[in-house]
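What follows is calculated from the coordinates using simple rules that are stated; it is not laboratory data. It should be emphasised that the depicted structure is a prediction, and the values quoted were computed from it without experimental measurement. All Cβ positions, even for glycine, are placed from backbone atoms using ideal geometry, and neighbour counts span all protein chains on display.
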Amino acid sequence: MSAKIISGTEIAKQIREELKQEVAELKAKHGVVPGLVTILVGENPASVSYVTAKQRTAHDLGFHSVQDTQPEDISEEDLLALIEKYNNDPDIHGILVQLPLPRQIDESKVLYAISPDKDVDGFHPVNVGKMVIGERCFLPCTPHGILEMLIRSGVETSGAEVVVVGRSNIVGKPIANLMLQKRDGGNATVTICHTRTKDTAFHTKRADILIVAAGRPKVITADMVKDGVVVIDVGVNRIGQTPEGKAILCGDVDFDAIKEKAAAITPVPGGVGPMTITMLMKNTVQAAKQFAGLA
Ligand code: NAP
């Protein structure tokens, strides 16, 4: 039996339609226009393309969107001053600093300088702390997107054995935490694997829901999963390029083999990726509503 394909592209499209309508209503009824600034330091091609995609989406949804590009050699002091400027700008509700940053800049210092009320990436310790104790906050975009995909695909998480492969601060740890929460898309029993895990396959074989964010192409093979598993593949690995120069991508799981055993699986590309940007937009709308006292 071939698995149901959970299309992030389709679910993201649906959420963007909902957001578009919400943005139009906010504008018409309350004169509120969500504002997002994306700060890019330097010209790293991957970062440029991520920021361009974010700006395009913000624009399509009717946001006030600002792209602020700074030179590669900007000082930490100047970058912190820029963030402070946007913290105090009433037309900006969300601030996103595209990572990675150049070596002269302390990434944590920059992320911590963003007001928690405008931290639409959900990386500020205040938001991370609130997420852990289950308070309302800006959830980090990729884990938030995974949660939405599971909920909107009707995957039962309550009581499920969830195994997360990867423990990064942006994917592994937060998604494990969210699936543990007493809330929709949570109430799971969660195991986290990493490079020091003694027998990763022992754990992955037990998973009802397997979430893989290892950043290693096809590291999860068909013999490592049980029949009927739901697989969320977060990995994006460039494994070559087409004669036209387009990147060939694959995920962290062996999609072709695993889809014959799984109940449902996300593809790469077209899975988690489109959800990440969409949840950034959702967080920005939430920030604008909070700023206007509407949420
Ligand atoms: P990361 O910071 O490199 O973390 C990778 C994690 O996987 C680490 O915790 C590492 O363990 C663990 N790991 C690596 N190989 C493993 C193995 N063979 N068995 C078990 N654990 C293993 O990566 P990340 O930022 O979380 O990203 C993971 C992947 O998701 C990347 O491909 C990235 O491009 C992709 N990603 C996609 C999106 C999206 O929107 N689609 C968003 C974010 C990330 P240790 O801690 O022990 O080193």
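Observations
- Bridges between two residues of region 141-273, per DSSP, are antiparallel at a rate of about 20%.
- Relative contact order of region 31-116, pairs being alpha-carbon contacts under 8 Å that are 6 or more residues apart, as %: 40 percent
- Lys4 long-range amide H proximity, modeled H, under 5 Å: Ala264, Ile265
- Rounded to the nearest Hz, the phi-derived 3J(HN,Hα) couplings of region 30-46 under the Karplus curve 6.51 cos²θ - 1.76 cosθ + 1.60 (θ = phi - 60°) are 10, x, 9, 10, x, x, 10, 10, 10, 9, 10, 10, x, 10, 3, x, 5, where x marks glycine and proline.
- With eigenvalues of the C-alpha gyration tensor scaled by 5 and rooted, region 118-159, Å: 22, 12, 6
- For region 31-116, a Kirkwood radius taken over Cα pairs fed into Stokes-Einstein (20 °C, viscosity 1.002 mPa s) yields D = 162 µm²/s.
- Added length on full extension, which subtracts the Cα-Cα distance from 0.36 nm per residue, Gln241 to Glu135: 33.8 nm
- Pairwise Lys count, region 141-273 - Cα closer than 16 Å, eight or more residues apart or different chains: 8
- Packing rank of 200-208, 41-49, 281-289, where each peptide gets the mean count of other beta carbons within 10 Å, highest leading: 281-289, 200-208, 41-49
- Relative contact order %, region 141-273, counting alpha carbon pairs below 8 Å whose residues are six or more apart: 21 percent
- Amide hydrogen proximity for Ser168: with H placed 1.01 Å from N in the peptide plane, the residues at 5 or more positions away or on another chain lying under 5 Å are Lys173.
- Karplus-derived HN-Hα couplings along region 220-234 (A = 6.51, B = -1.76, C = 1.60, θ = phi - 60°), whole Hz, x at Gly and Pro: 9, 9, 4, 6, 9, 10, 9, 4, x, 5, 9, 10, 10, 9, 8
- From the Kirkwood radius over Cα pairs of region 84-146, Stokes-Einstein at 20 °C and 1.002 mPa s returns a whole-number translational diffusion coefficient of 173 µm²/s.
- For peptides 259-266, 14-21, sequence by mean Cβ density within 10 Å, most packed first: 259-266, 14-21
- Per the Cα gyration tensor, the chain maps to an equivalent ellipsoid with semi-axes of 32, 22, 19 Å, ordered largest to smallest.
- Computed magnitude of the charge dipole of region 31-116 (debye, nearest 20; Cβ of K, R +1, Cβ of D, E -1): 340 debye
- Per-residue Karplus couplings for region 125-137, computed as 6.51 cos²θ - 1.76 cosθ + 1.60 with θ equal to phi - 60°, are listed in order as x, 5, 6, 4, x, 5, 4, 4, 8, x, 8, 5, 6 Hz, Gly and Pro entered as x.
- Cross-link partners for Lys289 among the lysines, with Cα-Cα distance under 22 Å and sequence neighbours closer than 8 places in the same chain left out: Lys13, Lys20, Lys27, Lys29, Lys54, Lys85, Lys118, Lys130.
- DSSP beta bridges in the chain [antiparallel fraction, %, rounded to 5]: 10 percent
- Here's how it looks for Gln70: its modeled amide H is under 5 Å from those of Leu40, Val41, Gly42, which are all 5 or more places away or on a different chain.
- If you model region 145-235 as an ellipsoid using its alpha carbon gyration tensor, with each semi-axis the square root of five times an eigenvalue, the axes come out at 19, 14, 12 Å, biggest first.
- Based on C-alpha pairs under 8 angstrom that are at least 6 apart in sequence, the chain has a relative contact order of 21 percent.
- A Cβ-based charge dipole, computed about the Cα centre of region 154-254 with Lys and Arg at +1 and Asp and Glu at -1, lands at about 440 debye.
- Overall Cα dimensions of region 179-295 - principal axes, largest extent first, Å: 52, 45, 28
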